[in-house]
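First the structure, in the form of structure tokens, and then the observations on it.
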Amino acid sequence: MSLLDQSLGNIATSIAGATAVFHQYKLDFCCGGDHILRDVLAKHHLPEQELLDAFAELQQPIDYTDWRKVSNAELIEHILVRFHQRHRVQLPELIRLARRVEYVHTDEEFCPVGLANHLEDMYQELESHMIKEEQILFPMLIRGTYPSGPISVMEEEHLQHGDALAVIDDLTNNITLPKDACNTWTALYVGLKELKEDLMLHILLENQILFSPPQHGDQYCCGSCQ
């Protein structure tokens, strides 16, 4: 199948480095992971060949892991360490930095007024979401059970997280630093970019891989369909 006829989610989870290309062109591969690349490029008036050339230049790193080929337990452990733990460190510090920037630069044109409150709301929502995954959904997935109700709830909340990231973009002019920004402001926006990239990848792995039941005959298919 042509790359152009594949979904953004499939490309992001099968080609190492693809997410960097999607970030470069501001294409939503997490909540919009089911959209076909050709359709997305047409919608945003982006040249197909330019994207194809960018993907052709990607080199798979030695330590690349194809998360589609590991067990649920392994993928969940990766998600807990790589994303859940990291978000719990990222957001409190970003809230602190945002409060400082708003306090010192509140009268300046590009000051992200309201960002700290938005990040606090976002942290509360994300913490609640992660606890539900850790205490309810993840143990079920490790046992090979795929409950449609809880999964649908998590996917809906993922859409809300995507909306929250869009608000960050609106408040920060797409996380663009003003000229002569101070070190605190710079650190804040560096951290916001990292949070955005991490959360998008976090959602991608869950929506496109973890929440998808294995097909008959897959290596990690449950024993009932052998």
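Each reported figure results from applying straightforward, stated rules to the coordinates on display, with no laboratory input. Given the structure is predicted, the values throughout are model-derived calculations rather than measurements. Cβ sites come from the backbone with ideal geometry, for glycine too, and all protein chains shown count toward neighbours.
Okay, here's what the table says:
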{"item": "Distance between modelled label sites at GLN6 and SER212, nm, 7 Å Cα→Cβ extension", "result": "1.1 nm"}
{"item": "Sorted by Cβ neighbour density within 10 Å, fewest at the top, the residues ILE79, ILE131, ILE175, ILE36", "result": "ILE131, ILE36, ILE175, ILE79"}
{"item": "Förster-model FRET efficiency, 35 Å R0, CYS182 and HIS23, C-beta, rounded to 0.05", "result": "0.85"}
{"item": "Karplus-derived HN-Hα couplings along segment 80-97 (A = 6.51, B = -1.76, C = 1.60, θ = phi - 60°), whole Hz, x at Gly and Pro", "result": "5, 7, 6, 10, 4, 5, 5, 4, 6, 8, 4, 5, x, 5, 5, 5, 4, 5"}
{"item": "R0 of 22 Å, Cβ-Cβ distance ILE36-ILE15: FRET efficiency to nearest 0.05", "result": "0.90"}
{"item": "Segment 1-59, relative contact order in percent, only Cα pairs under 8 angstrom and at least six apart counted", "result": "43 percent"}
{"item": "In Hz, Karplus ³J(HN,Hα) per residue of segment 146-154 (6.51, -1.76, 1.60; θ = phi - 60°; x = Gly, Pro)", "result": "10, x, 5, x, x, 5, 4, 4, 5"}
{"item": "Difference of contour (0.36 nm per residue) and Cα-Cα distance, ARG88 to GLN135", "result": "15.3 nm"}
{"item": "Residue exposure sequence - TYR189, TYR25 - by fewest surrounding Cβ within 10 Å", "result": "TYR25, TYR189"}
{"item": "Cβ-placed point charges (K, R +1; D, E -1), dipole of segment 3-56 about Cα centre in debye, nearest 20", "result": "120 debye"}
{"item": "Net length gained if the chain between SER148 and HIS44 were fully extended (0.36 nm per residue, minus Cα distance)", "result": "34.2 nm"}
{"item": "MRE, 222 nm, helices only [DSSP H, n ≥ 4, -39500 (n - 2.57), over the chain, to nearest 500]", "result": "-18000 deg cm²/dmol"}
{"item": "Derived scalar couplings ³J(HN,Hα) [segment 50-58; Karplus, 6.51 cos²θ - 1.76 cosθ + 1.60; whole Hz; x for Gly, Pro]", "result": "4, 5, 4, 5, 5, 5, 5, 7, 5"}
{"item": "Ranking of CYS31, CYS111, CYS182 by count of other Cβ atoms within 10 Å, fewest first", "result": "CYS182, CYS111, CYS31"}
{"item": "For the chain, built as a Gaussian network whose Cα springs stay under 10 Å, the top-fluctuating residue of ILE76, ILE136, ILE95", "result": "ILE136"}
